[in-house]
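Every number in this text was worked out from the coordinates using simple rules, so none of it is lab data. Note that the structure is predicted; figures quoted are calculated from it, not measured. Counting neighbours? That spans all protein chains shown, and the Cβs are built from the backbone with ideal geometry, glycine included.
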Amino acid sequence: MLSVSHLSKTFPGVRALSDVDFTARAGEVHALVGENGAGKSTLIKVLTGVYRPDAGEVTYDGEPVRFSTPLQAQQAGISTIYQEVNLVPLMSVARNLFLGREPLGRLGLIDFRRMHREADEALRGLGIRVDVRRPLRELGVGAQQMVALARAVAVDARVVIMDEPTSSLEPREVKTLFGVIRMLRERGVAVVYVSHRMDELYEICDTVTVLRDGRVVHTGPLADLDRLRLVAMMLGREIGEVREEGMTKFTGSHDTEAEPILRAEGLTVSHRLSDVSLAVRPGEVVGLGGLLGSGRSETAKAIAGALPTDAGRVVVAGVPVRSGSTAAAIRAGISLLPEDRKAEGIVPGLSVRENIALAALPALSRFGLVDDTRVDRIVETFMKRLRIKAAGPHQKVGELSGGNQQKVLLARWLALHPKVLLLDEPTRGIDVGAKAEVQALIDELADDGLAVLLISSDTEELIEGSDRVVVLKDGVVVRELTGDAVTEDALMRAIAAVPAGGSDD
Ligand SMILES: Nc1ncnc2c1ncn2[C@@H]1O[C@H](COP(=O)(O)OP(=O)(O)OP(=O)(O)O)[C@@H](O)[C@H]1O
Ligand SMILES: [Mg+2]
């Protein structure tokens, strides 16, 4: 249905794609995998007319094509969910769904009533209940992704390309998504699927193409490759090495009697949080569980002073933190890695170095002068430790791959040497190799006495990573799971608020 041959694409200093051959067939779900910066998103952008290739051909339905804009590709029947949700945040949810194909009334004006009704139906079909008149930006990242999905499948596409569609979705939404993918496959649509979540790939994909440093290193049926071999191929390592790395988990031991370093007491934000209390001890990793909209991100933001509270307080190492001020929270030693890196973190026009040093600058300056040597050292350490793939520290962050941007953001908050680290989806979009690296790093920090609050929609990560999990529902703490009680089953029950030992099984 859609194929490329001998495709190459170079950016200044980077060969993003070299001599790539790739074919997406009708009725097949094709996984496109590779490390952060391997070239997956670039390939998709070349296929869909965002970038112009330096060399190579694109064939669509048997005909050579060259799309010069994404809109052209879409009109030809290629529907794409890009890695960075690229909808219009200020426009309503409904408007975003129908962008470019709004239903018109008799006078040629947009028929808002019809648009709202149809938008509502489309989203309900995907299990999403939102007020479609509200601006899109009021939705969480996960819900925004579902809007992008609804938009992609609403048109009669023959090729649907999804670049990390599940990175902020909950298990329930992932299920919905997979239902949609199966339906597309049955209809004979060619689906291209990019994800770093291995279990998802094996659940939904038929074929796999592995990219490494811009080259295709393997293509064939996914069932022929076991997980270990696939990861080894992605990383370009021996299977033995991979096995070791796969073992890395959070293991930090800590003193369960120690005084909590972070105490949140009765945090209340009207309509969003109600009397949320939790405590994290030095060296402890506490997970926050719950569905989309359950108040996990809000809790993290309230603790970090980024969301004004109506009641409650935050205490760090026994000292109350002035509420509603991010500056006060940072001074008290609280770092927050926000969920939405595009809106709340990365400054795309600044360099990798500047982005990493941004938050730490006041601490690295004297009399208004920045200590460049120290900044260089910190930047170098983190670039190496987190394996940030960039042409160098002076490359603009906006030019890095999605996963590498996420690593830069993580480095920024780690460089502050926080006492309390709030991580909202820290490994989203990060490849398997780097994920193990990030987890080992967090582990080390926890061993040093750092308190970590972890939000992750990846259930496995939450369970393996946390010493305790506090479960939220509708802005209220409904359960706390500790030690051996932290299991997938217990977590699912708590999230669904099924009483433990209930009679439903
Ligand atoms: N606009 C750009 N300018 C300069 N370099 C770029 C640009 N876009 C991508 N690159 C570089 O091309 C390479 C491939 O990036 P790409 O985004 O395709 O990776 P990816 O496989 O999608 O990674 P990830 O898993 O992190 O999303 C990276 O080295 C990246 O820095
Ligand atoms: Mg990408």
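Brief remarks on what is shown
- Residues whose amide H lies under 5 Å from that of Val192, counting only those 5 or more places away or on a different chain, are His30, Val160, Ile161, Met162; hydrogens are built 1.01 Å from N in the peptide plane.
- Subset of Lys384/Lys419; Lys175/Lys407; Lys45/Lys301; Lys175/Lys419; Lys419/Lys473 violating a 30 Å alpha-carbon distance limit: Lys45/Lys301; Lys175/Lys419
- Applying a length cut-off of 15 Å (Cα extent along the axis) and a mean Kyte-Doolittle floor of -1.0 to the DSSP H helices of the chain leaves 141-154, 171-186, 372-385, 402-414, 432-447.
- Reach of Lys389 by Cα under 17 Å, taken over aspartates and glutamates that are not fewer than 8 positions away in the same chain: Glu35, Asp213, Glu354, Asp376, Glu380, Glu399, Asp431, Glu437
- Point-charge dipole on Cβ atoms (K/R +1, D/E -1) for region 263-318, about Cα centre, debye to 20: 100 debye
- Coordinate range of the alpha-carbon atoms in the chain per principal axis, descending: 68, 54, 51 Å.
- The Rg/Rh ratio of region 339-417, with both radii computed over alpha carbons and Rh defined as the Kirkwood radius, is 0.95.
- Residues Arg66, Arg313 arranged by fewest to most Cβ contacts within 10 Å: Arg66, Arg313
- FRET efficiency estimate (nearest 0.05) - Cβ-Cβ, Arg237 to Ala154, R0 41 angstrom: 0.50
- Amide H partners (placed H, <5 Å) of Ile110, local residues excluded: Gly105
- Shown is the FRET efficiency for Arg374 and Val217, computed with R0 = 41 Å from the Cβ-Cβ distance and rounded to the nearest 0.05: 0.55.
- Looking at the chain, the DSSP beta bridges with both ends there are about 55 percent antiparallel.
- Two-site FRET efficiency, Ile110 against Met183, from Cβ-Cβ distance with R₀ of 22 Å, rounded to 0.05: 0.15
- From phi via Karplus (6.51, -1.76, 1.60), per-residue ³J(HN,Hα) for region 126-131 in Hz, x at Gly/Pro: 9, x, 10, 10, 9, 7
- Note on Arg117 and Val315: the model spin-label points, each 7 Å out from Cα along the C-beta direction, lie 5.7 nm apart.
- Taking amide H as placed 1.01 Å from N in the peptide plane, Gly324 has its amide H under 5 Å from the amide H of Gly305, Thr309, each at least 5 places away in sequence or on another chain.
- In order along region 259-267, the Karplus-derived 3J(HN,Hα) couplings, from 6.51 cos²θ - 1.76 cosθ + 1.60 at θ = phi - 60°, round to 5, x, 8, 10, 10, 10, 10, x, 4 Hz, and Gly and Pro are given as x.
- With the highest mean first, a sort of the peptides 215-224, 124-133 on other beta-carbon atoms found within 10 angstrom per residue produces 124-133, 215-224.
- Calculated [222 nm] ellipticity per residue, helices only, for the chain: -9500 deg cm²/dmol; basis is -39500 (n - 2.57) per DSSP H run with n ≥ 4, divided by all residues, nearest 500.
- Cut-off 14 Å, label 7 Å out along Cα→Cβ of Asp448, residues of region 392-432 by amide N: 411-421
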